[in-house]
Amino acid sequence: MIVDLPDTTVSKIARSLVSVREEGGAVALGRVLTLVIVTTHGVQEEAIEAANDASREHPMRVIVLIADPDGEARLDAQIRVGGDAGASEVIILRAHGPAAESQEGLITGLLLPDAPVVAWWPDYPPAVPSTSDVGRMAQRRITDASTKPFTKDRLSQLGASYAPGDTDLAWTRLTHWREQLAAVLDQPPYETVTAVEVVGAGSSPSTGLLAAWLRLKLDVPVAWRYAPAAEWEHGIRSVRLTRASGDIVLERSNDIDATLTQPGQPAHDIVLPRRTLRECLAEELRRLDPDVLYGRVITEGWSLIGPPEQADSANASES
């Protein structure tokens, strides 16, 4: 069920939400959190779709805020429940002119009572998420370094502005890579890794984060570089771990498959698919406490690695 509320107020939206639930038979019980999505026009549907899919694991209320500082003061809203909202209830707010100035005021009256708040900026996050209007009321704050704005120093900015509760989907996309590499090092001959090389596309901020994680955890020199676009277009391509008996290489051959090569063993083909937006969002919603490891990687680990050997100007893809 979809209900449009043009030129409305927050109090009218709250009353309409109760009425829509009662008329449509949708049950609001069991919501475990409020997800606030702050985005721009044209991006919201992809974010809503990911949130709806994730809501089947984490029933929640989703508030989508699209703020346009231009024009006359006006607030338009849309409520989605039932089949149009997965296991959540979605409230889309389009604020114009002076009505868009106080994001906190627009959202506060629509939050679930006594439920944690997670903020997500699919694109154009604030310079310091933890001090923004929405960020101040959130236990977790999710950004995405692979989306606009595309700047070469985006990861450095994340480290400089980091506060407990911050996370980034460029980090979440590394989960399968970290699992595979940890599993390899848990097997004999248990030799010390003496050097690391990480290669990825210039459009993948996850490449730098993986290099920073390996530098932090292994405490060895890490060389990392961006492959030319003609050689590799998206995400991380390979990791090479150097040990006395030879190199361990984990290299992705396409969007799904990778090959693991180890000294004295035949090459192994493994499944290493790119993670979807829904998968990354659902993983982040599983924990509402600060991700301490991410905090160390984006601050300590990032400060320990040098710049990439070469870089493309693009910065806009998933890993």
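The values are calculated or read from the model by the stated rules, or taken from the named source; none is laboratory data. The structure presented is a predicted model; accordingly, all values stated were derived computationally and were not measured. Don't worry about glycine lacking a Cβ; one is built from the backbone with ideal geometry, like all the others, and counts go over all protein chains shown. Note: accessible area is taken over every heavy atom of the protein model, side chains too, but ligands, DNA and RNA are not part of it. Shrake-Rupley method; radii C 1.70, N 1.55, O 1.52, S 1.80 Å.
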What does the charge add up to near Ile92, with Lys and Arg as +1, Asp and Glu as -1, over the other residues with Cβ less than 9 Å from its Cβ? +1
For the chain, give the share of DSSP beta bridges that are antiparallel, in percent and rounded to the nearest 5; count only bridges with both residues there. 50
Under the rule rounded for a/c under 1.5, else prolate if a/b exceeds b/c, else oblate, using alpha carbon gyration tensor axes a ≥ b ≥ c, region 22-97 is classed as prolate
From the residues Ala183, Leu169, Ala87, which one has its Cα farthest along the dipole of the chain in the positive direction, the dipole being from +1 and -1 charges on Cβ of Lys/Arg and Asp/Glu about the Cα centre? Ala183
Charges only on Cβ, +1 for Lys and Arg, -1 for Asp and Glu: so what's the dipole of the chain about the Cα centre, in debye to the nearest 20? 540
Region 1-88, accessible surface, carbon-and-sulfur percent (1.4 angstrom probe): 50
Just the number please: accessible area per residue for the chain, 1.4 Å probe, all protein chains included, in Å². 43
Partner lysines whose C-alpha sits under 27 Å from that of Lys217, ignoring same-chain residues fewer than 8 away, are Lys152
Note down the net charge around Asp70, summing +1 for each Lys or Arg and -1 for each Asp or Glu among other residues with Cβ under 15 Å from its Cβ. -2
Label corresponding to semi-axes √(5λ) of the Cα gyration tensor in Å when calculated from the structure given, among (1) 30, 22, 19; (2) 47, 21, 16; (3) 41, 20, 17: (3)
Along the charge dipole of region 112-158, pointing to its positive end and built from +1/-1 on Cβ of Lys, Arg, Asp and Glu, which listed residue (Leu158, Pro125, Gly135) has its Cα farthest out? Leu158
Would you give the gap between the C-alpha center of region 63-108 and the C-alpha center of region 131-195, rounded to a whole Å? 29
With a cut-off of at most 15 other beta carbons within 10 Å, and DSSP calling the residue loop, which GluC sites (Glu not before Pro) in region 79-148 qualify? Please list them. Glu101
